[in-house]
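Written out below as structure tokens is the structure these notes cover.
Each value in this text was obtained by applying a stated rule to the coordinates, not by laboratory testing. Quick caveat, the model's predicted, so the values are computed rather than measured. Please note: Cβ atoms are built from the backbone with ideal geometry, for glycine as well, and neighbour counts cover all protein chains shown.
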């Protein structure tokens, strides 16, 4: 029993993790990503469907003070972002919080973190792919007066047979990822600039209809309303950690990864606050309340201009935004699986790198196939809520990891140091725990079942095949 417990808490030394980084079966990943590409990878993963629809749900809670709610959520995310920045600059690997946990908290916690990230990435990107099809239909309807038949645009149980658009965007993203990391990053840069431009277009149009009376009273429900809205919009910030999955393909990871993580959060926050201010200034609070949470940015534009063409532009921006999220999140999923496979915890097929493209081909194909099936045939429903709790768990483990590594390896070179240590990571843990407690009971049930399945998989395969079994070198 003692041997079993020791194996569950064994860590993989940071020096060894870094030494083994980059190499998989068949070759190494290629360091091609610049600071701009890394930053926009995180922006691309974060700036998706949330901002296009979340205002309709958040404004009735906070009123015009939804602007403050976005800032509150940004501060909450910042605690974890700073911890991510420190560990990314210290342990520049592909595994994100999985690798950080392996180096600081032990193999079992690392496995659970990786397992949670599988849930977060796979299910969330499936849901995003489904959303892409819906926005594509909106674009067709507004621009051409045509909508796809329900049979090929909705899954079984929701009036259709198969969601073809969801499959299409997953396949296109997979084909781009298979071409190479540099090509994928370049396309993402273009898409991020386009969707940022569309959001700035929204602001320019909405500010022409700005009325000071629309922002009074500023906080009709007080801080309680702002806090509730902050919890609602927090999940629009999930994705800022995407750059941390590119640790082995960054040109200068110790310098560039911390910069990319913090800069992406700043960029997204500025856009969210600007869009929120433009929206509440252009449309009265009563209109948001009357919509029953269904008001979106398109609704704001239609009321501001009394025309449909701005909504067409916005729908185009949403299609681009969601495509970018699918691309970047799929990339992150494959790199986390690559790291777990290299450690022996999942089958070796996930670490096989193509000698010419330097891409984990089989890994990418398997991930794309799984996501495409989910998006095409499964009504995701409440399952998507479980991605939030998995994300928060991973965030909490990163904050704890910073504290542990500062105590166990204070001498390690760090590209970035979290300010106000240990207050900042402790606040990160506290905020993550608070938001997890606020999630529904159904979400906790799904998360518990997923975690139980992960533990079964670990004891049946991962623990037995861990590379630390054949080449210990770990720290009990």
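At-a-glance table
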item: Label-point separation in nm, residue 349 to residue 141, each point 7 Å along Cα→Cβ; result: 4.0
item: Residues listed by number, the stretch 240-268, amide nitrogen under 14 Å from residue 409 label point at 7 Å toward C-beta; result: 254
item: Computed FRET value (nearest 0.05) for residue 228 with residue 162, which takes r as the C-beta separation and R₀ as 35 Å; result: 0.40
item: Least to most buried among 352, 211, 10 (fewest other Cβ within 10 Å first); result: 211, 352, 10
item: FRET E, pair residue 175, residue 36, Förster distance 22 Å, beta-carbon r, rounded to 0.05; result: 0.40
item: Virtual spin-label span in nm between residue 373 and residue 469, 7 Å along Cα→Cβ; result: 2.6
item: Cα extents of the stretch 237-367 along the three principal axes, largest first (Å); result: 56, 31, 26
item: Highest to lowest packing among 332-343, 168-179, scored as the average C-beta count within 10 Å; result: 332-343, 168-179
item: Rounded FRET efficiency, nearest 0.05, which uses the C-beta distance separating residue 218 from residue 306 and R0 of 30 Å; result: 0.65
item: Between the stretch 191-260 and the stretch 386-450, the alpha-carbon center distance in angstrom; result: 21
item: Potential lengthening between residue 442 and residue 420 on full extension [0.36 nm per residue; Cα-Cα distance subtracted]; result: 4.3 nm
item: Theoretical ellipticity at 222 nm over the chain - DSSP helices of four or more residues, -39500 (n - 2.57) apiece, nearest 500; result: -23000 deg cm²/dmol
item: Ellipsoid semi-axes in whole angstrom, largest first, where each is sqrt(5λ) of the Cα gyration tensor of the chain; result: 37, 25, 20
